[in-house]
Amino acid sequence: MKRFQYFVRATLTLATVMLFFVQCGKNQANTPNEAVAGNDTLSQTLPIAYVDADSLLTHFKFYNNLISAYESKLSKHNNSLNSTYQKFQSEVIAFEQKAQNNAFLSQERMMQEQTRLQGMKQDIERRAAQAEQELALEQKLIQQQLSDSLALGIKEFNKSQKYQMIFTKAGLFNSNILYANEQYDITKDVLEFLNKRFKAD
């Protein structure tokens, strides 16, 4: 799950950082003068901002819904496989006890039971591999849905904000930003906008 969350953070970084390279040229001529003019803090800030990826993923309702659905599906797969595996294990133990006690009517009957158990084991392995494949596809779908939702949502959010770039900031060693002044943190505003947009959809 940690590897999956790391991949989601990487997707989030691409969706937010790269999105605004397209807009960089639009107001480039006016922006530097506007940033220098005036003495108040706001007028001296650059037309960039960042979003805390960890906070965004924790509080973004759309993402939380996707993850809840994924975890529910994962739990069902695990419960089903565990139940089948436990049944298999109990049948293997029963087989071994019968074999030790010479309880089979014939060698042929013992071989038939052994073949049945081998088939059961192969079926469990096949189902486990299929479940793993389905869940991997589900993860890719979640990443794509999150990426699309963030790209569209932040682009819409920025229509009224006019930032030239919006970065993502995560834990120190997972981030492209090692330090940023908190005045550039727009996580709360972005979250509020995205969650309202999610309800509207």
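The values are calculated or read from the model by the stated rules, or taken from the named source; none is laboratory data. As the structure is a prediction and not an experimental result, all values here were calculated from the model. Cβ atoms come from the backbone with ideal geometry, glycine included; neighbour counts cover every protein chain shown.
Give region 81-97 a look and list any residue that's touching a residue at least 12 places away in the same chain (Cβ under 8 Å) and either outside any helix (DSSP H, G or I) or not aliphatic (A, V, I, L, M) (or both), or say none.
Thr84, Tyr85, Phe88, Glu91, Phe95
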- What about Arg109, is it closer than 25 Å to Tyr85 by Cβ, exposed (fewer than 14 other Cβ atoms within 10 Å of the Cβ), at pLDDT below 90 and of a type in the set (D, E, K, R)? yes
- Item | Scan of region 155-177 for residues that are without any contact (Cβ under 8 Å) to a residue 60 or more places away in the chain and crowded, with 18+ Cβ neighbours inside 10 Å, ordered by number | Phe157
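Let's see how each residue does on (1) touching a strand residue (DSSP E or B) at 6+ places or on another chain (Cβ under 9 Å); (2) at pLDDT 90 or above; (3) of a type in the set (Lys, Arg); (4) surrounded by fewer than 17 Cβ atoms within 10 Å (Cβ to Cβ):
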position	(1), (2), (3), (4)
Gln118	no, yes, no, yes
Ile124	no, yes, no, yes
Gln144	no, yes, no, yes
Gly153	no, yes, no, no
Tyr179	no, no, no, yes
